[in-house]
Structure formats: C-alpha cells, structure tokens
Amino acid sequence: MLKTAAILATSFIATIPAGVINPVSAADRPNILFIMSDDHTAQAVGAFATLLKTLDPTPTIDTLASEGICFDNAFCTNAICTPSRACVITGQYDHINGVFDLGGRIAADKQTLPIQMKKAGYQTAIVGKWHLKTEPSFDYYKVLPGQGKYFNTEFRIQGDQPWPKNVVTHQGMHSSDAITDSTLEWFRKHRDPEQPFFLCHQFKAPHDYFESAPRYDTYLADVDIPEPATLWEMPDTWGSIATRGHNDELVPHIGTSIGRRNPRRSYAADLPGRFPKEFKWDHKDPNLSDYDIKRLAYQAYLKKYLRCVKGVDDNLKRLFDYLKTEGLYDNTVIIYTGDQGFWLGERDYQDKRWAYDQSERMPFIVRYPRTISPGIRSDAIVENVDYPALMLDFAGADIPASVQGRSFRSICETGKEPDGWKQATYYRYWMHMAHHDNPGEMAIRTKTHKLIYFYGCNYKGADQTPPAWELYDLVKDPQELNNVYDDSAYRDVGTRLKAQFAQLRKDIGDDGSHYPQCEEIVQEFWDYDEANRQRAVELSHEFLARREASLAKRKK
C-alpha cells in the first residue's frame with residue numbers, strides 16, 4: 001500500500017518543470033554548508049525573535065541573516081527530530097519516505113541528498129547529529145549515536161569495523177565544541193580543495209534537557225527572562241475539545257507543561273529531578289503556589305535553553321572565522337536552520353510536536369553574496385521537503401523525480417515568488433500521545449489561515465482522544481488564540497480550506513494506505529457532524545478515566 005502512495009506522489013511531482021535545475025560550470029560551483037541545530041526555534045533567533053530579541057542570544061546568526069535572506073514562513077512537515085531530518089535527506093514527506101516517528105530510518109540507497117551531491121562532483125561530509133540509524137551515505141561522516149551526549153561526546157566514524165562499531169570520544173568536551181572541532185578537523189585534514197564541498201554541520205544543542213558548557217553558567221544569571229502572556233493565562237476562545245477536553249476536563253493531560261498543570265510531566269518536576277544540585281525546589285511543596293513554581297521553572301528552563309543557544313552561536317563564529325581566513329566564506333552557500341520549532345513557555349507548553357506555529361515554524365536563513373542580496377526577507381511558504389531541492393539546484397545537480405520538494409533558489413535570489421509557487425503547507429504529527437501528550441493531528445497552513453484536524457488516535461486507530469477541528473485567522477490572530485471553526489462568519493473559509501486540505505493530501509500521496517485503521521478514524525470524524533461531536537464528548541470522558549487510572553497506578 002505504501003508503494004501505491006509513493007507512485008501517486010511521484011506521478012504528481014513529475015510535473016515539476018525541468019527548468020528547476022540550473023546547472024553551472026564546475027569552476028563556478030559554490031560550496032554548500034548546511035547547518036542545523038536541534039530544537040532551535042525561530043523565537044530564539046534574534047533575526048526572528050520578538051519577546052527575546054533584547055537578550056541578543058544569536059549575534060553570529062543574526063549577522064548571517066543580515067547578509068542574506070530570511071524566510072518568515074519556513075515550516076517543517078512534522079515537528080519531531082527524526083522525521084524532519086528524513087525529509088531533508090530525501091525531499092519526501094514522511095508517508096513516502098517511511099519515517100513517521102523516532103524509530104524511523106533511511107536506507108543508504110534512499111539518502112537522496114548526499115547521493116545526488118556526489119554524482120554532481122561534490123565532496124560530501126556530515127558532522128554532528130544524524131539520528132537516522134543507518135550508515136550515512138556521505139564520503140565522510142562523524143556522527144552522534146542516536147541523540148548523542150552533551151558531554152564526553154561520542155561519534156560514530158568510518159574505520160576497520162562495520163557500522164556502527166567504530167566510535168571515538170571527545171573526553172570532557174561539550175558536544176557543540178566537539179562537533180565544531182570535528183568539522184574544523186575535516187576542513188584541515190580531509191577536504192579536497194579541487195572539489196566543491198557539501199557539508200552538513202549539525203548540532204545536538206539546544207535539545208532538551210539543556211546542558212551547556214560550564215563557561216556559560218553565569219550567562220543570563222542575573223537577567224529576568226521575559227515571559228509570554230500565555231504562560232499564565234489562555235483565553236477561552238483558544239483550542240477545542242481535542243486540546244482542552246469536555247468542559248476543560250483534559251487541560252491537565254494534553255500537552256506537557258512548564259508548571260504543575262500536567263501531573264505526569266512538567267519542567268517543574270523534571271528540572272529538580274534531573275539537576276538536583278542546580279534546582280532545589282520541591283514542586284509538591286504546598287507552601288509554593290502554582291505561580292511560584294511555574295515562574296521558577298520557566299526562568300530555569302529558558303536560561304538553560306539560551307545557554308545552549310549561546311554555545312551554538314559562539315561555535316558558529318569559530319567556524320565562520322575559519323571560512324573567512326581560508327577564503328571560503330563568500331563562495332559558500334551557507335544555510336542555517338533548526339530541525340523544527342520549539343515551545344518556549346507559550347501556552348504553558350514544552351517540547352515541540354504541535355501544528356501551532358511555535359513548533360511548526362523553522363528558522364531559515366541563506367547567505368550567498370554572489371547571487372543573494374543582503375537583508376532580504378521573504379514570506380514565501382517553504383517546507384523542509386524543499387530544502388534538498390534548493391541545495392541540489394545551487395550545486396547544479398540533478399533533482400530526481402522522487403523528490404517531492406521544489407527548489408526556491410529564485411526566491412532566494414530575487415525575493416519574489418515564481419508563478420505557481422505553493423500557497424499552503426502540509427503538516428502531520430503521527431506519534432499520538434507519546435512522550436509529551438500530543439494527540440495525532442494534521443494541518444494545512446496558508447499565509448492567512450491555519451486549519452488543524454485533531455483526529456486523535458494511534459497507528460492502529462486506538463487510544464482515542466476527542467477529535468476536533470480548529471481554524472485560526474492568522475491575519476487577525478497571528479498567535480492562534482481564537483478558534484473560529486464554529487464561527488458562522490468563517491463558514492465559507494472553513495469549507496474551502498477543508499476541501500483544499502483533502503486535495504493536498506491526495507496530491508502529496510497521504511492516502512491513508514500506510515495505516516488504514518488510523519485512516520478510518522480520520523475519515524469518520526472528517527465532516528464533524530453532530531453525532532461526531534457527541535462521540536467526541538464520550539471520548540473525552542473515556543480518555544480521562546484511562547489517564548486518571550494510569551496516574552493512580554503510578555502512585556502505588
């Protein structure tokens with residue numbers, strides 16, 4: 001069945017004009033440096049940030065942004081580490097490349113991006129986080145095992161033993177330092193100056209739980225980090241029965257929290273549990289109010305996160321200084337991004353996963369002064385499935401028909417969208433209620449609206465949470481706080497978007513054949529008639545009973 005979906009998607013994208021590829025002579029080919037940090041959200045990049053902008057967390061990245069183009073509407077198709085990386089390596093959506101969750105992997109012969117770069121005459125290398133389990137199809141690799149360690153960082157390398165047995169350790173080093181040292185070592189010892197290079201430099205930081213190098217222990221120590229208003233209070237207009245439950249009965253159980261809201265998992269409990277020497281509060285202390293606990297947890301969370309971000313930014317300065325010294329900086333297409341967004345306390349949420357912008361949006365910056373003017377911003381919609389096509393285009397490489405994404409090189413170089421450019425994103429999170437209590441969901445986002453469908457079940461159609469639809473007017477409500485799905489003034493908008501959503505699913509091959517039991521639930525509640533709504537109330541009660549029984553069992 002998956003094969004059928006792949007054929008459908010391939011036939012669709014085969015209509016992309018061949019002119020997308022823009023070959024260049026070997027002498028003029030740029031080097032390509034793709035930098036990806038883990039969980040570095042746009043809210044924590046100065047060039048994109050609003051609330052945290054005055055803290056100046058990323059001066060190096062901000063300089064890069066000022067010298068190139070920033071994309072304000074860059075989005076991932078699934079806000080979780082492994083699927084996002086699979087999209088970048090293959091140029092395919094998860095339902096086509098087969099990586100739905102953290103257990104996914106991409107076979108060596110399916111790693112389209114490095115394979116095509118090598119065919120185009122590029123020397124390929126990857127250093128840092130990989131997270132796709134199988135051996136990388138790069139000429140050179142030095143990658144973290146799985147998630148990797150923040151300290152005493154280990155790497156899997158090429159050697160006498162088969163993958164993944166060759167391992168080296170940077171004893172005592174923080175991962176951001178070790179990854180940058182390793183990239184600089186590749187430049188000095190392994191780069192062939194006769195070939196253009198394609199290098200992926202991929203940080204572990206600032207992935208949860210945030211551990212920074214000791215030199216950052218005092219960074220922001222005396223600063224009161226600004227707090228988002230929604231950390232403290234959410235309007236009644238936000239969300240739906242899917243995110244709040246019937247009469248708000250699931251508010252403690254949907255989405256893990258900063259403060260005490262979620263009794264299963266919160267930073268209020270996790271930070272002292274993981275870092276007892278650093279954080280002394282007891283989240284169960286009755287003398288500490290909910291306000292006190294949430295504020296302590298938020299301040300600790302943000303400082304730890306931003307210290308990791310600072311380590312990334314400082315290490316990029318080291319890397320860029322080397323490129324400048326070697327005369328490589330201006331002949332290299334430099335791309336900076338994160339693997340998805342991340343929640344920084346908004347809505348009292350942690351982690352990522354949701355279809356809301358805080359986790360769906362990615363920072364995306366491209367610098368290449370030979371063809372990209374400095375200081376450009378674009379609101380063109382781009383997705384992470386488009387990134388490999390962009391890089392292959394800059395390299396003058398072939399873009400295979402298997403790649404669902406499209407190059408947006410012309411947007412980088414002109415700031416203008418070409419005729420027929422995409423006007424909507426597709427999002428789907430599959431890991432129903434795993435780890436951070438997020439329901440299964442899918443969404444379509446345009447520049448003006450977002451329609452989210454919480455279908456609320458696992459791959460087998462089980463463990464259901466209440467399904468619901470949410471519609472947000474992004475022009476009037478950019479923070480997505482007023483669900484207008486049932487507002488009569490938006491009836492036509494909702495109907496049009498739902499039809500567009502159904503067509504988009506077909507166009508990209510998400511036909512439900514990969515998990516048919518899940519698709520049955522998707523279709524059952526698609527129309528969301530009165531019977532569906534009544535069943536959603538029942539499912540809310542049923543899920544609450546299961547969750548309370550589970551929590552009671554944990555306490556025994």
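For the range 513-556, a residue qualifies if it is free of Cβ contacts under 8 Å to residues at least 24 places away in the same chain, more than 29 Å from T495 (Cβ to Cβ) and aliphatic (A, V, I, L, M), and the qualifying residues are A545, A549, A552. Taken over the range 521-545, the residue count meeting the criterion of being more than 15 Å from T243 (Cα to Cα) and surrounded by fewer than 13 Cβ atoms within 10 Å (Cβ to Cβ) is 7.
Residue-wise test of (1) assigned to a loop (DSSP other than H, G, I, E, B); (2) of a type in the set (D, E, K, R); (3) touching a Lys or Arg at 6+ places or on another chain (Cβ under 9 Å).
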site: T124; (1), (2), (3): no, no, yes
site: L132; (1), (2), (3): yes, no, yes
site: S137; (1), (2), (3): yes, no, yes
site: M173; (1), (2), (3): no, no, no
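Taking each residue of the range 72-83 that is assigned to a loop (DSSP other than H, G, I, E, B) and looking for partners that are among the small types (G, A, S) and surrounded by fewer than 24 Cβ atoms within 10 Å (Cβ to Cβ) with beta-carbon atoms closer than 7 Å, six or more apart or interchain, yields D72/S378; N73/A380.
Out of R264, R274, R318, which single residue is out of contact with any Phe, Trp or Tyr (no Cβ under 8 Å at 6 or more places or on another chain), in contact (Cβ under 8 Å) with a residue 40 or more places away in the chain and under 24 Å from K555 (Cβ atoms)?
Exactly one of R264, R274, R318 is out of contact with any Phe, Trp or Tyr (no Cβ under 8 Å at 6 or more places or on another chain), in contact (Cβ under 8 Å) with a residue 40 or more places away in the chain and under 24 Å from K555 (Cβ atoms), namely R264.
Among residues of the range 409-436 that are over 22 Å from R496 (Cα atoms) and without any contact (Cβ under 8 Å) to a residue 24 or more places away in the chain, those with a Cβ under 8 angstrom from a residue that is of a type outside the set (K, R) and part of a loop (DSSP other than H, G, I, E, B), sequence gap 6+ or separate chain, pair up as S410/P418. Among the residues making up the range 164-194, those that are more than 26 Å from D39 (Cβ to Cβ) and surrounded by fewer than 16 Cβ atoms within 10 Å (Cβ to Cβ) are K165, N166, R188, K189, H190, D192, P193, E194. Would you be able to say whether some residue in the range 492-503 is closer than 27 Å to R361 by Cα and modelled with pLDDT under 95? No, the range 492-503 contains no residue that is closer than 27 Å to R361 by Cα and modelled with pLDDT under 95. Quick check: is even one residue across the range 275-286 crowded, with 20+ Cβ neighbours inside 10 Å and in a helix (DSSP H, G or I)? No, every residue in the range 275-286 fails to be crowded, with 20+ Cβ neighbours inside 10 Å and in a helix (DSSP H, G or I).
Taking the options E211, E154, name whichever one is over 21 Å from L33 (Cα atoms) and assigned to a strand (DSSP E or B). Can you show your working first?
On the way: E211 fails: assigned to a strand (DSSP E or B).
So the residue among E211, E154 that is over 21 Å from L33 (Cα atoms) and assigned to a strand (DSSP E or B) is E154.
Taking first residues from the range 234-258 that are on the phi > 0 side of the Ramachandran plot and partners that are hydroxyl-bearing (S, T, Y) and outside any loop (DSSP other than H, G, I, E, B), the Cβ contacts under 6 Å between residues at least 6 apart in sequence or on separate chains come to G245/S540; G255/Y349.
Taking residues in the range 469-492 that are more than 18 Å from D72 (Cβ to Cβ) and part of a loop (DSSP other than H, G, I, E, B), and partners anywhere that are at pLDDT below 95 and polar (S, T, N, Q), not one pair has Cβ atoms closer than 7 Å while being at least 6 places apart or on different chains.
For the range 94-122, a residue qualifies if it is surrounded by 23 or more Cβ atoms within 10 Å (Cβ to Cβ) and either in a strand (DSSP E or B) or acidic (D, E) (or both), and exactly one does: D94.
Tell me, which strands (runs of 3 or more DSSP E) lie completely within the range 327-408 with 1 or more residues that are over 28 Å from H207 (Cβ atoms)? Give the steps one after another, and end with the answer.
Values: elements: 332-338, 364-367, 376-378.
Per the criteria, 376-378.
Screening the range 239-254 for residues that are assigned to a helix (DSSP H, G or I) and of a type outside the set (G, A, S) and picking the one that is farthest from H541 (Cα to Cα) gives T243. When the criteria are applied in full, Y426 fails the requirement of being surrounded by fewer than 21 Cβ atoms within 10 Å (Cβ to Cβ) and more than 17 Å from G255 (Cβ to Cβ). Looking at (1) touching a strand residue (DSSP E or B) at 6+ places or on another chain (Cβ under 9 Å); (2) part of a helix (DSSP H, G or I); (3) closer than 14 Å to P30 by Cα, find the lone condition where I411 falls short. If we test I411 against (1) touching a strand residue (DSSP E or B) at 6+ places or on another chain (Cβ under 9 Å); (2) part of a helix (DSSP H, G or I); (3) closer than 14 Å to P30 by Cα, just (3) comes out false.
The values are calculated or read from the model by the stated rules, or taken from the named source; none is laboratory data. These figures come from a predicted structure and were not determined experimentally. Backbone-built Cβ (ideal geometry, glycine too); neighbour counts: all protein chains shown.
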